């Protein structure tokens, strides 16, 4: 038996009635069914046969309509999945897609502008410039275009599987540095940078175990080995950050820590003539996804390096990030932030306000779902997870 969009609306209505939910209007804008995820076969007719490798995307008109289909505690969509015999059901709102698409279009404009500028600089300085798939920026542009054109159900894993990684023989041909902390966001950034042919070098700033615990180092080593990416730990003294935030409670540590990490990475980029540093930040999106870092070399000449926030460029969600990193057997580390932040929250509870503000910024941008944000905020009150 085949299901039309109308029949799915009726099915949702039936389930809501059976489990005691109030009668509500069901508004579905579109449905997309992938019968076999690996083969990417799409249709709007849905078979009632059991298929654990199938997925259904339900696109609602707005977030309130999304809540109606999910139901309290996810009961409605859970029953729908079982009764239709479908492996996965994703419910998303069209209003969120409009915003995500707009952000990616702004990112694409920025990337195109950046490519033009870098090409002009290369020609002016007599350097080689490739406009083919050996250029990571060209591949990033192509990725954005494909993601925009497949806004509902773009699959990073399928995209990655179709890419060919160029082999670089010269040690100095790194197109970018990736700031690698061992968390899922920076791990995602390294994976994508590798497959986009940036030939990245991963750099980890190591302030000690209170900021970079063993679990993160294990993830770093495991990922770099699996990707065959060159990696370097750089020891840096963060005693002023630790003293000011934990011993004295003068400031929240994340801002100071981020600044010192950025300074270290840009210095490495300057010393090694690598102009792009990729970070795993989910903000800022759109036209601010690539920013210029103006610095000076040893002879006091102005040099421009660039910060590229890769997840922000792709307007990606935490769920999409985890779908990619789950293929690399990385240790899952719960909670929010590092051990230093945990201890600062514990000793100075008012500092939690600034962490919550950061979580809310990512939630407003669509990078985090409200439920994910709530879990992170609740983690402030849980036991130490390191």
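We did not get these values from a lab; they are worked out from the coordinates using the rules stated. On a predicted model such as this, the values are computed, not experimentally measured, just so you know. FYI the Cβ positions are ideal-geometry reconstructions off the backbone, even for glycines, and counts take in every protein chain you see.
Some values worked out for this structure:
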read-out: Relative contact order for the stretch 106-320, counting Cα pairs under 8 Å that sit 6 or more residues apart, in percent; value: 21 percent
read-out: Angle in degrees between helix 352-364 and the longest Cα principal axis of the chain, rounded to the nearest 10; value: 60 degrees
read-out: Unit Cα scatterers, Debye sum, the stretch 59-98: log10 I(q)/I(0) for q = 0.17, 0.20, 0.23 Å⁻¹; value: -0.43, -0.57, -0.71
read-out: Gyration tensor verdict on the stretch 327-381 (Cα atoms; rounded if a/c is under 1.5, prolate if a/b is larger than b/c, oblate otherwise); value: oblate
read-out: The chain - convex hull of alpha carbons, volume per residue in Å³; value: 149 Å³
read-out: Least to most buried among 243, 65, 375 (fewest other Cβ within 10 Å first); value: 243, 375, 65
read-out: The chain: calculated mean residue ellipticity at 222 nm from DSSP helix runs of at least 4, using -39500 (n - 2.57); value: -14000 deg cm²/dmol
read-out: Fewest-first sequence of 57, 129 by Cβ atoms within 10 Å of each Cβ; value: 129, 57
read-out: Three-way shape call for the stretch 238-340 based on the alpha-carbon gyration tensor, with the a/c threshold at 1.5; value: oblate
read-out: Listed peptides 103-115, 150-162, 289-301 by packing density, highest first (mean Cβ within 10 Å); value: 103-115, 150-162, 289-301
read-out: The chain, relative contact order in percent, only Cα pairs under 8 angstrom and at least six apart counted; value: 13 percent
